[in-house]
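Undergrad: What follows is a single structure, and I will ask about it in a moment.
The values are calculated or read from the model by the stated rules, or taken from the named source; none is laboratory data. On a predicted model such as this, the values are computed, not experimentally measured, just so you know. Virtual Cβ from ideal backbone geometry, glycine too; neighbours counted across all protein chains shown.
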Amino acid sequence: MSRLDRGPDKKRNRGVGSLLADYAVPVIFIVISVVAIPLSDFSATYLIQELLVRIGRNSFLILSLLIPIMAGMGLNFGMVLGAMAGQIGLIFVSDWAVVGIPGIVLAMIIGTPVAVALGILCGEVLNRAKGQEMVTSYILGFFINGVYQLFVLYFMGWLIPISNPALVLSRGHGIRNAISLTGIRMVLDRLIPLQVGTVTIPVATYLVIAAFCFFILWFRKTKLGQDMRAIGQDMAVADSAGIPVNRTRVIAIVISTVLACYGQIIFLQNMGTLNTYNSHDQAGMFSIAALLIGGASVSRAGIGNVFLGVVLFHLMFIVAPKAGRNLMGEAQIGEYFRVFVSYGIIALALVLHAWKRLRDRAEARRSLRGPAGKE
Amino acid sequence: MPEVPLLKLENIGKEYFGNRVLADVSFSLNRGEILGLVGENGAGKSTLMNILFGMPVISGTGGYEGNIVLDGEVIRFGSPFDALAAGIGMVHQEFSLIPGFSAAENILLNREELNKSLLETVFSERLNTLDRPGMRARAARAIKTLGVDIGVDTIAAEMPVGYKQFIEIAREIDRTRTRVLVLDEPTAVLTETEARILLDALRKLADGGIAIIFISHRLQEIKSLCDRILVLRDGNVIRDSDARSASIRDIAAWMVGRNVEEDRPVRAGTISDEVALSVRDLWVDMPGETVRNAAFDVHKGEIFGIGGLAGQGKLGIPNGIMGLYPAGGTVSLFGREVELNKPRKALDRGMAFVSEDRRGVGLLLGERIDWNITFTGMQVQNRFLKGLPLLGNLVRLRDDDAIAAESEQYIKSLEIRCTGPAQRAVELSGGNQQKVCLAKAFSMRPELLLICEPTRGIDVGAKELVLNTLRRYNEEYGTTILITSSELEELRSVCDRVAIVGEGKIAGILPAISPAERFGLLMMGDVEDEGAQKEAVTGNA
Amino acid sequence: MLKKFIATAGWPRVIIGLFLLALFVTAPFVGVRISTSLSDTLVRFGMNGVMVLAMIPMVQAGCGLNFGLPLGVIAGLLGATMSIEFGVRGALGFATAIGLSIPIAAILGYGYGQLLNRVKGDEMMIATYVGFSSVAFMCMAWLLLPYKNPTMVWGYQGTGLRTTISVDNYWSHILSDFLSFKIGTFYFPTGMFLFFAAMCFLIWLFMKTKTGTAMTAVGSNPEFARAGGVNVDRMRVISVVLSTIFGAIGILVYEQSFGFIQLYMGPFYMALPTVAAILLGGASVNRATIFNVVVGTFLFQGILTMTPSVINSVLKTDMSEVIRIIVSNGMILYALTRKAQVKR
């Protein structure tokens, strides 16, 4: 075939293999759930109630991951920074004994500047490590965790006055491992009470989450959202078109960090207890795992992935220990199984993504090749 | 018709690190005029356009001489954005489209239509939502100006290559201020039909008052489209002529220029009748340098040149033979076939390679010079190793003394300027790095030496030395050498025969002493007639 | 002069070096014995040295920092538990543990290497999670594998390994106490240092062979290596196998000195401090030497030993954990962001 009568390139026909690779993760999870639910012997109402609670508790956090993905920065492991900011807000609110919705709002107000500052820091660091955003934000999470501990464990009650002795360790400074958030416990969830049969629905939390979803939908339509999509797909082209690449990337991370801060506050108001030194860590890992289980990839994620992921991940979370006990006679196996799955799923998703990226690159090269060797 | 020219370049000159690439270039361009800019690679076309477009590479290397006058006003752009704002649009050879965006989104990239909202006043207008229908209409208008039919919602990644080119041009047209449009080889990736549509579209644009600078190596296109032709050679304007009056043959001769027969040294080496390298039906999948179907023979002891314009596939040939890029076809060395796609096989058969990508492929920049020189010899021929007596010579270690000794020898004979074999390659100048690459190849004691762009990016003195070294090496050891270069003059001065590659095929093979314009015509896509080609392939001229 | 030294050593190293020096200088004034501290530092240096050494092959071959170290650790744990299960004691037991863990590490490393070859460019993140998930997988395995030796399994159930297993009656301090000596409160684990030196020598020897040279070239410029006839993917797999094997040996050295085998989530955070140590020693993401290992391990372990004792005495609080987190992750961050700068 000569160059002259070459027709338009065919639409890329995606093989069964690549289709399977795209949906491998959710499919695996649906299979696991189908096997594990009957094994666990839980009643349907129990499962539904648990799921409703967990959707309300976790969705906001997971949603905060979407914007950096849109900007091509991958999974924002740095969302733990936002979670820490939220916890700092909650510690102060508990100390000042501000209760109810005002407490939550105040915690958010305190958390916001901290989250913005951390987000700017994170964005600037990631701009210096382009192409390595995930591992860098991951390590940054650990690093800031150290700084957070320095503040919370040593400075609070020493340099930073904390008046409520119930929060402070017996040695006189540093915050206790677990803080009971009695003042704000479930205030958002119970703001608008709704009971269907024996199932309670946290309506207000769902409204907040819905508002967030609309925010994301709106954001995608803005010029800023469009710029982020452009940067996410090709940074060099976006740059030559005059889009301020670095600044936009920082904005993406700041938005994500601030939202993660709010997400963590919503999460903890439902839990009712703040594990001062662990809560944020788990927030990051579980949110990322859930998003990936929902079928998102490192470069593409939507609101649908968030909710599918929340349901599948937490279904597994609820049933795994019981199923493990019933199957193996040992609940511990189920515990480890879900830890394994959380990490394994992230590993799998990252591998699939890297594979796909290399495959796409090879394909792009082939399309440049022209008809060489086919004559 | 007394008219102030829209764009006027006055005595433009440019030096890169003491290396003059443009001298005293002047021309003017009127509204609605199409100027064809032609010249070999390295003639200064890109530099000229970079200056016009305010590319940072120019200001970063000391600016330029002379003045650019746009609409009667002297301008000096600090960045491409200034140039865009002043109404100069440029369509590059590489596509700059966002793959997942639609045609409309790409055309209006960063110039989107926005819905007004209150948030704009509070934050910035980036928080306004996009006016999709408005964008579609604007994009459709720009596409329509070109006279093509492309859906505004087509995703860039799914477009045929030709469409992408049109989208790029539409993007420039959409800028309301665009007055001068520069197109760098816009037809290189198009089919003939697409190219014709594009040329018609450009004519239409020009009729609408936009001035166009059209860079192409397809002289037929230049002749049929342009009003005037500007020929550049070695940074000078050779000819500024009316397009209608110049014949294609004239243009080719202007481009290639000088005859070098006089200063050609007498060859001392002997060329045997034996065929050293035989290439048939070779295709190579090297990005940007695709080889489609190449066939030629190189005789033992011969210096064989491969020339042609950038992007036509000349670099693909040696890279494919060495197995560095996916390739197919038959390559035989002294009658025995060489397995392709495995560099090791080519090296085992006594071929050595000097890459055109010196910093990317040719050197271990962060390592010592002597490592660079001896690495291939060690890996392929197991030289520069010594047994460890304690372990019965089973474990063989690097012999650092032998490595240093071998390197010292080449540092001396090639006059590599360095502090010693231990200096890191990255600290050397371009010319000396190239010598290290040559030393690496020589150290293999090859039967066949393949060298790509031996003098790219090195200064004049070093150029001479490198070429002389090659010639001497050929004469002393009778080594067969295959040189690939963008500089035709260089090939004609050292080679016995020169093949010109066009569109991935051998357009023709000529003795190096053939008149320059014959080479020029080959480069411009005039394939030698069948008989001559057959004869040339086997070298029985 | 000073500027040049700082430029070559890098700011973080200078700061941490000075910090460590300051700790040693202050120690006597706050009632901390230098001899004990130094001895502790040296013991911890010996314990961790081989694991840090395990970073070298992968870094040199361009596979990045081995965040997948837990894989090697798992191989080592399997070797250790199996040697105890077989009831081999003393030096022979330790040798058995090493002998058993090497083939396991080689197999795991081979698979891991093949995986990393298919995800070039994303090695570090994937390595981290492959490490994490394999640790979690092994948690299940430790519960289910049919170990019988009563020193290792939970007494009341008779199945499932304990979280920590004492190696007291098997090969506790088998290397450390070899030729070791004591001067007052200063204890020097000669054997462990000899072993570490031997491992360093092996790595040094390997890096000098033809394969080692090729591996360095692959890390420095894979295209150059390929054009030089080297099979790049094979070199990378070899480097991963070597790193995994050294990781396995490393954890065994650690355990014999520590006296316990830590199972379950024990290996979970092994990679971060190890990575941090070699970076602290001056290695970059694609270049590391034995010198980097020695310097880095000493500085890192020095800080870990000295901060609790000195800072505790001064401030009356234990800040060592926080300082460890900040120093180790700060070091990794520094390396990651620095690499990007050089590239551009």
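Undergrad: Is it true that C:SER309 is among the small types (Gly, Ala, Ser) and either within 12 Å of chain A (Cβ to nearest Cβ) or in a loop (DSSP other than H, G, I, E, B) (or both)?
TA: The answer is no for C:SER309.
Undergrad: Look through segment B:497-541, keep the residues that are basic (Lys, Arg) and in a strand (DSSP E or B), and return whichever of them is modelled with the lowest pLDDT.
TA: B:LYS505
Undergrad: Inside segment C:16-116, counting only helices (runs of 4 or more DSSP H) that do not spill past its ends, which hold 1 or more residues that are of a type outside the set (Lys, Arg) and surrounded by fewer than 16 Cβ atoms within 10 Å (Cβ to Cβ)?
TA: C:34-53
A quick yes/no check of all residues on (1) touching a Gly at 6+ places or on another chain (Cβ under 7 Å); (2) within 21 Å of C:LYS210 (Cβ to Cβ):
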residue: B:ALA405; (1), (2): no, yes
residue: B:ILE416; (1), (2): no, no
residue: B:GLY420; (1), (2): no, no
residue: B:GLY430; (1), (2): yes, no
residue: B:LEU438; (1), (2): no, no
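Undergrad: OK, next. For A:ARG338, work out the one condition from (1) in a helix (DSSP H, G or I); (2) touching a residue at least 40 places away in the same chain (Cβ under 8 Å) it doesn't fulfil.
TA: (2)
Undergrad: List the number of the failed condition for B:VAL361; all other conditions in (1) more than 18 Å from B:ASN319 (Cβ to Cβ); (2) facing another protein chain (nearest Cβ under 7 Å) hold.
TA: Condition not satisfied by B:VAL361: (1).
Undergrad: Go through segment B:315-341 and report how many residues are basic (Lys, Arg) and modelled with pLDDT under 90.
TA: 0
Undergrad: If I ask for residues that are farther than 16 Å from A:ILE67 by Cβ and buried (at least 21 other Cβ atoms within 10 Å of the Cβ), which ones from segment A:223-235 would you list?
TA: None; the set is empty.
Undergrad: Scan segment A:203-230 for residues that are closer than 20 Å to B:GLU172 by Cα and touching a residue at least 12 places away in the same chain (Cβ under 8 Å) and jot them down.
TA: Scanning segment A:203-230 gives A:ASP227, A:ALA230.
Undergrad: Restricting attention to segment C:207-226, does a residue exist that is within 14 Å of chain B (Cβ to nearest Cβ), in contact (Cβ under 8 Å) with a residue 60 or more places away in the chain, out of contact with any helix residue (DSSP H, G or I) (no Cβ under 8 Å at 6 or more places or on another chain) and not charged (D, E, K, R)?
TA: Within segment C:207-226, one or more residues are within 14 Å of chain B (Cβ to nearest Cβ), in contact (Cβ under 8 Å) with a residue 60 or more places away in the chain, out of contact with any helix residue (DSSP H, G or I) (no Cβ under 8 Å at 6 or more places or on another chain) and not charged (D, E, K, R).
Undergrad: Looking at segment A:236-249 only, could you name the residues that are more than 17 Å from B:ARG111 (Cβ to Cβ), surrounded by fewer than 21 Cβ atoms within 10 Å (Cβ to Cβ) and at pLDDT 90 or above?
TA: Correct list: A:ASN246, A:ARG247.
Undergrad: What are the residues in segment C:89-127 that are free of Cβ contacts under 8 Å to residues at least 40 places away in the same chain and at positive phi, if any?
TA: Correct list: C:GLY121 only.
Undergrad: So, one more: Regarding C:GLY282, is this residue on the phi > 0 side of the Ramachandran plot and not in a helix (DSSP H, G or I)?
TA: Judged against the criteria, C:GLY282 is a match.
Undergrad: Out of all the residues in segment B:85-96, is one or more in contact (Cβ under 8 Å) with a residue 40 or more places away in the chain, assigned to a loop (DSSP other than H, G, I, E, B) and surrounded by fewer than 16 Cβ atoms within 10 Å (Cβ to Cβ)?
TA: yes
Undergrad: Spot the failing condition for B:SER46; the list is (1) modelled with pLDDT under 85; (2) at positive phi, and only one is missed.
TA: Just one mismatch for B:SER46, condition (2).
Undergrad: Given A:ALA117, A:ALA129, A:ALA178, which one is buried (at least 16 other Cβ atoms within 10 Å of the Cβ) and either away from chain C (no Cβ under 14 Å) or touching a helix residue (DSSP H, G or I) at 6+ places or on another chain (Cβ under 8 Å) (or both)?
TA: So the residue among A:ALA117, A:ALA129, A:ALA178 that is buried (at least 16 other Cβ atoms within 10 Å of the Cβ) and either away from chain C (no Cβ under 14 Å) or touching a helix residue (DSSP H, G or I) at 6+ places or on another chain (Cβ under 8 Å) (or both) is A:ALA129.
Undergrad: Take residues that are within 8 Å of another protein chain (Cβ to nearest Cβ) and tell me which of the helices (runs of 4 or more DSSP H) falling wholly in segment A:199-248 contain 3 or more.
TA: In segment A:199-248, the matching helices (runs of 4 or more DSSP H) lie at A:223-233, A:235-240.
Undergrad: From C:PHE86, C:PHE45, C:PHE67, C:PHE29, grab the single residue that is in contact (Cβ under 8 Å) with a residue 24 or more places away in the chain and over 20 Å from C:TYR334 (Cβ atoms).
TA: C:PHE45
Undergrad: Take C:ILE278 and tell me if it is of a type in the set (A, V, I, L, M), within 22 Å of B:GLY366 (Cα to Cα) and more than 14 Å from chain A (Cβ to nearest Cβ).
TA: When the stated conditions are applied, C:ILE278 passes them.
Undergrad: Pick from segment C:302-312 the residues that are of a type outside the set (A, V, I, L, M, F, W, C) and surrounded by fewer than 24 Cβ atoms within 10 Å (Cβ to Cβ): which of them is farthest from C:LEU279 (Cα to Cα)?
TA: C:ASN312
Undergrad: Also, I was wondering about something else. Report every pair of residues separated by at least 6 positions or lying on different chains whose Cβ atoms are under 6 Å apart, first residue within segment B:217-228 and without any contact (Cβ under 8 Å) to a residue 24 or more places away in the chain, second buried (at least 19 other Cβ atoms within 10 Å of the Cβ).
TA: Close Cβ pairs (under 6 Å, with a partner that is buried (at least 19 other Cβ atoms within 10 Å of the Cβ)) do not exist here.
Undergrad: In addition: Of all the residues that make up segment B:167-195, how many are closer than 24 Å to B:LEU230 by Cβ, within 12 Å of another protein chain (Cβ to nearest Cβ) and part of a loop (DSSP other than H, G, I, E, B)?
TA: Of the residues in segment B:167-195, 4 are closer than 24 Å to B:LEU230 by Cβ, within 12 Å of another protein chain (Cβ to nearest Cβ) and part of a loop (DSSP other than H, G, I, E, B).
Undergrad: Just to verify a result, which residue in segment B:100-133, among those that are assigned to a helix (DSSP H, G or I) and of a type in the set (A, V, I, L, M), is nearest to the other protein chains (Cβ to nearest Cβ)?
TA: Only one residue tops the list, namely B:LEU127.
Undergrad: What residue, among those in segment C:117-152 that are more than 7 Å from chain A (Cβ to nearest Cβ) and of a type in the set (A, V, I, L, M, F, W, C), is farthest from C:GLU85 (Cα to Cα)?
TA: By that ranking, first place goes to C:ALA127.
This table checks each residue for (1) in contact (Cβ under 8 Å) with a residue 24 or more places away in the chain; (2) acidic (Asp, Glu); (3) more than 10 Å from chain B (Cβ to nearest Cβ).
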residue: C:THR190; (1), (2), (3): no, no, yes
residue: C:PHE195; (1), (2), (3): yes, no, yes
residue: C:GLY228; (1), (2), (3): no, no, no
residue: C:MET235; (1), (2), (3): yes, no, yes
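Undergrad: Do we find that B:ASN106 is in contact (Cβ under 8 Å) with a residue 24 or more places away in the chain, within 33 Å of the chain's Cα centre (by Cα) and more than 30 Å from B:ILE12 (Cβ to Cβ) in this structure?
TA: yes
Undergrad: Something else about it: Go through the residues of segment C:327-338 one by one and say whether even a single one is closer than 26 Å to C:GLY31 by Cα, in a helix (DSSP H, G or I), facing another protein chain (nearest Cβ under 10 Å) and modelled with pLDDT of 80 or more.
TA: So far as segment C:327-338 goes, yes, one or more of its residues are closer than 26 Å to C:GLY31 by Cα, in a helix (DSSP H, G or I), facing another protein chain (nearest Cβ under 10 Å) and modelled with pLDDT of 80 or more.
Undergrad: Here's a follow-up. Please find, within segment A:145-157, the residue that is nearest to A:HIS173 (Cα to Cα) out of those that are more than 7 Å from chain C (Cβ to nearest Cβ) and out of contact with any Gly (no Cβ under 8 Å at 6 or more places or on another chain).
TA: Step by step, filter segment A:145-157, then rank; the result is A:PHE155.
Undergrad: Inspect segment A:77-89 for any residue being crowded, with 18+ Cβ neighbours inside 10 Å, modelled with pLDDT under 90 and closer than 22 Å to A:PHE307 by Cα and give the result as yes or no.
TA: Within segment A:77-89, one or more residues are crowded, with 18+ Cβ neighbours inside 10 Å, modelled with pLDDT under 90 and closer than 22 Å to A:PHE307 by Cα.
Undergrad: Given B:ARG292, B:ARG267, B:ARG280, B:ARG258, which one is assigned to a strand (DSSP E or B) and modelled with pLDDT under 90?
TA: B:ARG292
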